[in-house]
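The values are calculated or read from the model by the stated rules, or taken from the named source; none is laboratory data. Note that the structure is predicted; figures quoted are calculated from it, not measured. Cβ: placed from backbone, ideal geometry, glycine included. Neighbour counts: every protein chain shown. Accessible surface is based on the protein model in full, side chains and every heavy atom, while ligands, DNA and RNA are left aside. Shrake-Rupley method; radii C 1.70, N 1.55, O 1.52, S 1.80 Å.
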Amino acid sequence: VQLQASGGGLVQAGGSLRLSCAASGRTFSSHAMGWFRQAPGKEREFVAAISWPGGSTYYTDSVKGRFTISRDNVKNTVYLQMSSLKPEDTAVYYCAGARTAYIVAVIQEYEYWGQGTLVTVSS
């Protein structure tokens, strides 16, 4: 069971990035997926989640209208399209697989984790 996140990098404020997370089949099928982030010196926080097979999404307030989570169940990949990025979005972003097919925003409900990809937004 593996999750491989990619797509992070350095971007100027106002720019865009798309994160990808490739999952093994067992992780992806029948599991909701989420994105979390952890800024330096802060706790890991919920960013967005998508249900299985993808009919529902949920976002933390600070990214609503700027980030979009989606999934491709053929490619076993979940995406996080990030637009209008702000310096406060700077963090290591982690993808995670939930214990359930339904959306959850609680970190304890996620049992599979990727290695993280760093997003740095310069002002």
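Conditions (1) surrounded by fewer than 17 Cβ atoms within 10 Å (Cβ to Cβ); (2) among the hydrophobic types (A, V, I, L, M, F, W, C), marked per residue:
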{"residue": "Met82", "(1), (2)": "no, yes"}
{"residue": "Thr90", "(1), (2)": "no, no"}
{"residue": "Ala96", "(1), (2)": "no, yes"}
{"residue": "Gln108", "(1), (2)": "yes, no"}
{"residue": "Glu111", "(1), (2)": "yes, no"}
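Which one is nearest to Gly15 (Cα to Cα) among residues in the stretch 75-123 that are assigned to a loop (DSSP other than H, G, I, E, B) and hydrophobic (A, V, I, L, M, F, W, C)? Only one residue tops the list, namely Leu85. The numbered conditions (1) on the phi > 0 side of the Ramachandran plot; (2) open to solvent by less than 30 Å² (accessible area, probe 1.4 Å) are all true for Arg37 except (1). The residues of the stretch 7-34 that are open to solvent by 60 Å² or more (accessible area, probe 1.4 Å) and either touching a helix residue (DSSP H, G or I) at 6+ places or on another chain (Cβ under 6 Å) or closer than 24 Å to Val74 by Cβ (or both), listed by number, are Arg18, Arg26, Ser30. Of all residues in the stretch 9-31, those being at pLDDT 95 or above and in a loop (DSSP other than H, G, I, E, B) number 4.
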